[in-house]
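A short write-up of the structure that comes next.
The values are calculated or read from the model by the stated rules, or taken from the named source; none is laboratory data. Remember, predicted model here, so these are calculated numbers, not experimental data. As a convention, Cβ positions derive from the backbone with ideal geometry for all residues, glycine included, and neighbour counts pool all protein chains shown.
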Amino acid sequence: MKTRALGDGRLLGVLAVLLVLLFAISLQLGPVALDWIAAFARPGDSVHGIILWQVRLPRELLAICVGASMGLSGAALQGLLRNPLAGPDLLGVTSCAALGAVLSLYFGLTAVNALLLPVGGMLGAGLAVALVFLLAGRNASVLALILAGMAISAIMSSLIALALNFAPNPFAVSEMMYWLLGSLANRSNHDLLIALPFMLAGWLLILSCGRFLDALTLGEDSARSLGFDGARLRWRTILGVALCVGASVSVSGNIGFVGLVVPHLLRPWVGFEPRRLLLPSALGGALLLLAADIAVQLLSPGSGLKLGVVTALIGGPFFLHLVYRNRAVLT
Amino acid sequence: MRKVIAFLFAAWIASASAWAGAPPQRIASLNLCADQLLLMLVPRERIVSVTDWAARPESSYMAAAARGIPANGGLVEAVLPTHPDLILAGPFSDATLIQLLRKLGQRVEVVDVPRTLDEARDAIVHFGELVGAAEEARALVADMDARLRRIAPPAGAAPLAAVYAPNGVTVGRGTVLAEIVERAGWRNLGSERGVDGFAALSLEELLIAQPRLIVLDVTADGDAGSLAHGYLAHPALAALQAKTVVMPPPLSECVGPMTVDAIELLAAQR
């Protein structure tokens with residue numbers, strides 16, 4: 001794999017410009033043609049204003065935040081586990097987060113306090129990362145880790161189905177697709193506001209562990225001899241991932257593959273330093289999810305096509321390609 | 001085995017006497033709409049069992065009247081011990097259940113579940129004949145018609161109303177909710193968009209139509225959390241400043257006298 005000579009600043013600049021561009025495009029798309037003058041002139045009391053500021057903006061901002069959280073978590077997990085096939089969904093972290101959110105939403109906790117929704121998601125996410133660590137161990141082979149993640153993922157998906165079947169609300173079962181595939185349809189500013197603080201905290205925690213992840217590439221012992229407190233920093237990274245994934249999943253369901261795909265796509269441009277991969281992965285995740293959302297809007301505006309279907313259609317084949325390329329490591 | 005044969009024989013005698021034309025005295029129902037008509041038309045001592053939903057105020061218009069009548073849960077083992085001489089099933093009742101009951105010698109009648117008020121008139125009269133309450137059924141229909149005539153035709157052009165159900169679903173032609181909206185003097189957004197039956201309506205499309213009235217079809221307790229109910233609480237809907245009315249499920253799940261209640265409810269919003 002060749003490393004292109006592109007400075008970090010320039011890479012980030014390119015990604016940021018693309019992000020602004022896609023953001024502008026995504027705001028244009030929807031089942032209704034917007035009257036932009038009315039939307040800006042009377043944001044609160046014209047119907048175009050309401051659609052722009054209360055329906056489309058939260059949707060696209062959530063796409064950016066969730067995408068960034070997933071991209072960043074994927075890069076952090078790949079660095080932490082020194083495993084190219086790690087990702088929040090493959091390790092079962094997203095499914096476990098979805099289970100936490102499901103339990104909190106359908107069994108009345110969210111009615112007590114809206115913040116309990118992301119809290120449920122984050123507890124689930126944290127539990128899953130810890131489980132993967134315990135089951136597969138820190139120096140687990142690529143294969144053991146993925147199999148452990150697969151098992152956790154399967155268990156969690158079944159538990160989500162079980163919880164939805166027992167939920168008191170009769171609509172619960174029909175919402176299984178949302179939790180298993182993810183969607184941003186009909187999200188509001190309220191959803192953005194309850195998730196964003198936790199995502200921000202998660203981003204900061206992960207970004208603060210960059211140098212530790214760099215040192216980890218040399219091995220645990222080398223990291224320790226370089227003066228890093230391995231246990232503390234490992235837990236800090238895990239906490240960051242749990243905050244990012246838990247908050248994201250609780251407001252968007254289980255949108256898969258972003259965390260796996262994005263770090264891979266960007267790695268050739270930053271060399272093989274996990275720290276330099278973090279910020280580009282965040283921007284790249286946001287870009288990928290916005291692009292997927294634009295695809296949903298173009299394919300079927302206003303209908304129920306789930307965002308996670310598009311990301312899985314992009315990510316699934318990509319994952320197969322990774323498995324094929326890594327088959328030497330896997331056997 | 002002898003007990004079973006004796007039981008089957010008794011059941012056969014019971015059903016044979018029912019065929020002979022005497023009004024059924026031990027009626028069981030497997031359908032919520034049949035439950036409610038039965039409770040309106042027949043004295044309760046002639047009803048041996050109803051569905052689980054009949055006594056629940058969140059689903060049944062006749063919940064108070066149904067209290068105390070055994071619920072059968074659609075199970076053969078709950079229906080048979082009550083020795084019914086007539087079992088009423090709906091068109092969507094479990095076909096294997098009906099087959100089994102018939103094989104066991106029970107008289108099972110599949111009753112029509114009407115989807116419009118015009119269908120309901122005939123269906124109620126026919127239902128009355130079936131359960132031995134023809135007079136009561138005709139009186140019920142006459143009362144419905146009298147109440148419908150009292151709903152005054154509102155002056156001026158009809159304003160727009162939209163039915164919004166959990167998961168962003170709206171209703172159009174051929175649904176009782178559309179009929180309720182239109183008979184109450186509103187235009188129904190779903191019908192005008194050419195929807196037949198049920199169709200997804202995105203939040204944006206609902207907002208841009210700017211309905212004056214939003215009829216929330218909340219078919220479950222909104223306190224029990226779900227995403228579906230979250231959509232109905234979207235702040236953009238509140239910003240639209242349309243009137244909102246919650247349509248109680250007991251008024252819209254079956255067609256009959258409860259439909260007139262629903263029309264009165266929406267007519268009062270004009």
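Quick notes
- Subset tally (residues that are of a type in the set (Asp, Glu) and under 15 Å from the mean Cα position of the chain (by Cα)) for the stretch A:272-331: 1
- In the stretch B:43-122, counting only helices (runs of 4 or more DSSP H) that sit wholly within it, the ones holding 2 or more residues that are of a type in the set (Gly, Ala, Ser) and without any contact (Cβ under 8 Å) to a residue 40 or more places away in the chain span B:63-66.
- Members of the stretch B:230-245 that are farther than 21 Å from residue A:111 by Cβ and more than 9 Å from chain A (Cβ to nearest Cβ): B:242, B:243, B:245
- One residue from B:169, B:215 being aliphatic (A, V, I, L, M), within 14 Å of another protein chain (Cβ to nearest Cβ), buried (at least 17 other Cβ atoms within 10 Å of the Cβ) and in contact (Cβ under 8 Å) with a residue 12 or more places away in the chain: B:169
- Filtered residues of the stretch A:89-99 (kept if closer than 14 Å to residue A:244 by Cα and modelled with pLDDT of 90 or more): A:93, A:94, A:95, A:96, A:97, A:98
- Those residues of the stretch B:131-157 which are out of contact with any Pro (no Cβ under 7 Å at 6 or more places or on another chain), modelled with pLDDT of 90 or more and assigned to a loop (DSSP other than H, G, I, E, B), in sequence order: B:133
- If you filter the stretch A:205-232 down to residues that are out of contact with any helix residue (DSSP H, G or I) (no Cβ under 6 Å at 6 or more places or on another chain) and more than 14 Å from residue A:79 (Cβ to Cβ), you find that the one that is surrounded by the fewest Cβ atoms within 10 Å (Cβ to Cβ) is A:227.
- A residue that is at the interface with chain B (Cβ under 9 Å from one of its Cβ atoms), surrounded by fewer than 19 Cβ atoms within 10 Å (Cβ to Cβ) and more than 25 Å from residue A:306 (Cβ to Cβ) occurs somewhere in the stretch A:109-125.
- Residue A:323 buried (at least 18 other Cβ atoms within 10 Å of the Cβ) and either in contact with a Lys or Arg (Cβ under 9 Å, 6 or more places away or on another chain) or assigned to a helix (DSSP H, G or I) (or both): no
- Every condition in (1) within 29 Å of residue B:91 (Cβ to Cβ); (2) more than 14 Å from chain A (Cβ to nearest Cβ); (3) surrounded by fewer than 16 Cβ atoms within 10 Å (Cβ to Cβ) is met by residue B:179 except one, and the failing one is (3).
- Residue in the stretch A:22-41 that is within 14 Å of chain B (Cβ to nearest Cβ), touching a residue at least 12 places away in the same chain (Cβ under 8 Å) and within 30 Å of residue A:86 (Cβ to Cβ) present: yes
- For beta carbons closer than 9 Å, sequence separation of 6+ or different chains, a first residue in the stretch A:212-225 that is on the phi > 0 side of the Ramachandran plot and a second that is of a type outside the set (A, V, I, L, M) and part of a loop (DSSP other than H, G, I, E, B), the qualifying pairs are A:219/A:82.
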